[in-house]
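Read through the structure below, which is laid out as structure tokens, and then see the notes.
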Amino acid sequence: MPTTDTKRLSLAEQIKAQITNQGPMSLATYMRLCLTHPEFGYYKKLDPLGSKGDFTTAPEVSQMFGEILGVWALGQWYVLGCPGNFDLVELGPGRGTLMADALRVISKDAHAKKAINIVLLETNPVLIKAQKRTLSGYAPVWINEIKQLGERKNPKIILANEFFDALPIRQFQFDNQNWHERMVGLNENNLAFGLSPTPMPHNVFPPQIKGPEQGEIWETCPLAIQTVSELATILNRTGGAMVAIDYGYTNTRTGETFQAISDHKFTDPFIHPGDADLSAHVDFEALINAAHAVGTRAHYWGTQGQMLKEFRIEERAKNLCAANPAKAQSIRSDFLRLTDKDQMGDLFKVMVMFGTPPAPLEQDKTLLASPNISHGFLGREGGCSPAPFASLNVSGAMGDHPDFIQNNRAIASAALGIAPDKLAILSQVHSADIITIDDTFDMTSSPRADAMVSKTPGIGLGILTADCTPVLFADPEAGIIGACHAGWQGAVSGIITNTVAAMLNLGARSKNIIAAFGPTIWQQNYEVGSDWTSNFLSQHPKGQRFITKMGKTNSKHFDLPGFVFSELKKQQLANISQIGGCTYAHPDQYFSHRLATHRGEKTGRQISIIALNTDKLTIS
């Protein structure tokens, strides 16, 4: 069979030959060939930056941009505790201009300057030469893959300016009630878009894409999501932070943003493959979710203009004008270009993420032996909330900031390998009410109830407590799980019995159900009065054995874990275990509402989670 000598063909001819031989290619494949082909790729042969290139980035506009990021990086070094060695990393560092400007600021601290190891992720030989010239006073290390960054043990501070927009995307178009991938093929020997005839499963698309209209396009960048996941995992292990600045949108949505730029003008992406910069707007919500999925704290910071102004760029511009009066007009123009809403200020968005060690959790040995079950009782350690909610608070009921709560729920979910948007949480009201959770459940609804059951893989059932007893249930053979919030009111009202009954209705069998209850307030710290005792005994006449007089005042104390165990034992389950300690007695490990009340303080809520494991279907 004759072969084609690709060395004699242009990139356009090679792409056409591949389509002729193998069929249409995804847009991601086309972008990858155009940008990174070893001989003809855009980022392999040219210096695309500045007035002589095809586009201008913020560092090329003004030194102020890099200096502001230097201030941020130095602040992160302080947050890390001023380590004696740290990696200052830039992804796609261009000519090294941003790094040089940032280093000018960081180097004002002699200890930070001594601790820096500069690491540059770059594959363009032309730009590497430029970086060597720009950073000649330093000794950068160059890498060409993210995994090489993971091999370095130092804490990391990562800068990523206009990096993610250049990663290859895939496009899908809604046509005749189905999603089809948009492919690059041939039309009369010209490169052109077409649709794959094979419809995509609807469950691989994000829930934000609802009710699409005919012709709507959705873009996704699997490589960006994978890259953020890898970087987040590295930061969790080594410590550190990343700031990413790019043009994009804050929430996942439909819309076509794929574009080609040559000589500072938009051009047809199919005319001269390899000679134009190809990019697409960044879906910041997808990147933040990727970080959350591995338990890394991440959030949207704001627009580029907001970020720069927060770091007082206007004051820096005034100082530069005063020091360089002949260039004052140019400096003011550059300031406006970076920050004005009608220029780069609003178009470019900023996200940050911070290395987050895995949150500690306590687990039951019997449940651990079931490979299809994930579970854990988490305490107050391992989160991001400040005092008095330090640190893994998952409840907004007491006034913690929503961003901290969102991050903490993501950290807790990641500890069990659950997607944060698949964590079901109730508005608990000390009732005996149960809700069945499945794929139709709105994870943002928080209905009023105190227990959940499910047989749907991939969904986590989360119970919030701060003295009451969290109980997790599983029938591993039937693939059915449950979770309940058992304070004394709920337990007396039958929340445990009702949870087991709901599991049986789904197909579980009592003799196969494993139950584990977690950290709760123990009897020696649960003092109760006469009115409480009368109320309890009126509802549970045989409950006197759970009330004992003790302590210096010989006052009555209630045995909540003993009562919960008794209620569980009535269900004739396969196994019952108690996990964890007393929430009141260990304030460094757990939140305790009663202890906080005695101290006149606010407190948070810890979470206990159980889930059926699943292999999630995704677009890669």
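Note down the net charge around A574, summing +1 for each Lys or Arg and -1 for each Asp or Glu among other residues with Cβ under 15 Å from its Cβ.
+2
In whole angstrom, note down how far apart the Cα centers of segment 498-553 and segment 79-145 are.
For segment 498-553 versus segment 79-145, the Cα centre distance is 60 Å.
Considering Cα pairs under 8 angstrom that are at least six residues apart, work out the relative contact order of segment 402-482 and quote it in whole percent.
Across segment 402-482, relative contact order equals 27 percent.
Run through segment 542-620 and list the trypsin sites (Lys or Arg not before Pro) located in a DSSP loop whose Cβ has at most 14 other Cβ atoms within 10 Å.
Working: sites: K542, R545, K549, K552, K556, K569, K570, R594, R599, K602, R605, K616; in loops: K542, K552, K570, K602, R605, K616.
Those satisfying the criteria are K542, K552, K570, K616.
What percent does the relative contact order of the chain come to when contacts are Cα pairs within less than 8 Å and at least six residues apart?
Result for the chain is 11 percent.
Positive end of the dipole of the chain, charges at C-beta (+1 Lys, Arg; -1 Asp, Glu), about the Cα centre: which of S374, H593, L195 has its Cα farthest in that direction?
Of S374, H593, L195, it is H593.
Please give every one of the aspartates and glutamates within straight-line cross-link reach of K542, meaning a C-alpha to C-alpha distance under 13 Å, and leave out same-chain neighbours fewer than 8 residues apart.
Those aspartates and glutamates meeting the cut-off are E567.
Could you tell me what fraction of 2.2 N^0.38 Å the Cα radius of gyration of segment 385-511 comes to, as a two-decimal ratio?
Computed over Cα atoms of segment 385-511, the ratio equals 1.05.
Let me make sure I get this right: for segment 161-282, a, b and c are the square roots of the gyration tensor eigenvalues over alpha carbons, sorted descending. Under 1.5 in a/c it's rounded, otherwise prolate if a/b > b/c, else oblate. Which is it?
In terms of gyration-tensor shape, oblate.
Label segment 414-482 by shape, choosing from rounded, prolate and oblate, from the square roots a ≥ b ≥ c of the eigenvalues of the Cα gyration tensor; if a/c is under 1.5 it is rounded, and otherwise prolate applies when a/b is larger than b/c, oblate when it is not.
It is rounded, given that a/c, with a ≥ b ≥ c, falls under 1.5.
Any idea of the accessible area per residue across the chain, 1.4 Å probe, to the nearest Å²?
Per residue, the chain has an accessible area of 44 Å².
Using the Cα gyration tensor of segment 489-540, with a ≥ b ≥ c the square roots of its eigenvalues, what is the shape: rounded (a/c below 1.5), prolate (a/b larger than b/c) or oblate (neither)?
oblate
Counting only protein heavy atoms and using a 1.4 Å probe, what share of the accessible area of the chain belongs to carbon plus sulfur, as a whole percent?
Roughly 49 percent, rounded to a whole number.
Ordered by packing density, taken as the mean number of other Cβ atoms within 10 Å over each peptide's residues, highest first, how do 150-157, 388-395 rank? Intermediate values should be presented prior to the final figure.
Numbers: 150-157: 18.1, 388-395: 23.4.
Packing order, densest peptide first, comes out as 388-395, 150-157.
With θ set to phi - 60°, apply the Karplus curve 6.51 cos²θ - 1.76 cosθ + 1.60 along segment 273-282 and write out the HN-Hα couplings as whole Hz, x wherever there is a Gly or Pro.
x, x, 10, 10, 7, 9, 7, 8, 5, 8
Mind pulling the angle between the C-alpha long axis of helix 125-134 and the longest principal axis of the chain? Nearest 10 degrees, somewhere in 0 to 90.
It is inclined by approximately 90 degrees.
Ranked highest first by the average count of other Cβ atoms within 10 Å around their residues, in what order do 290-302, 105-117 fall? Present the calculation step by step, with values, prior to reporting the outcome.
On the way: 290-302: 23.1, 105-117: 15.5.
In decreasing order of mean packing, 290-302, 105-117 become 290-302, 105-117.
Rolling a 1.4 angstrom probe over the protein chains, ignoring ligands and nucleic acids, what is the accessible area of V71 in square angstrom, nearest 10?
It works out to around 60 Å².
What is the pair-distance distribution P(r) of the chain, computed from all Cα-Cα distances in 10 Å bins starting at 0, with each bin given as a whole percent?
3, 14, 21, 21, 17, 13, 7, 3, 1, 0
List the aspartates and glutamates whose Cα lies under 15 Å from the Cα of K327, skipping any in the same chain that are fewer than 8 positions away.
Reachable aspartates and glutamates: none.
The values are calculated or read from the model by the stated rules, or taken from the named source; none is laboratory data. Note that this is a predicted model, so its numbers are computed, not measured. With ideal geometry, Cβ positions are generated from the backbone for all residues, glycine too; neighbour counts draw on all protein chains shown. Heavy atoms of the whole protein, side chains included, go into the accessibility calculation; ligands, DNA and RNA do not. Shrake-Rupley method; radii C 1.70, N 1.55, O 1.52, S 1.80 Å.
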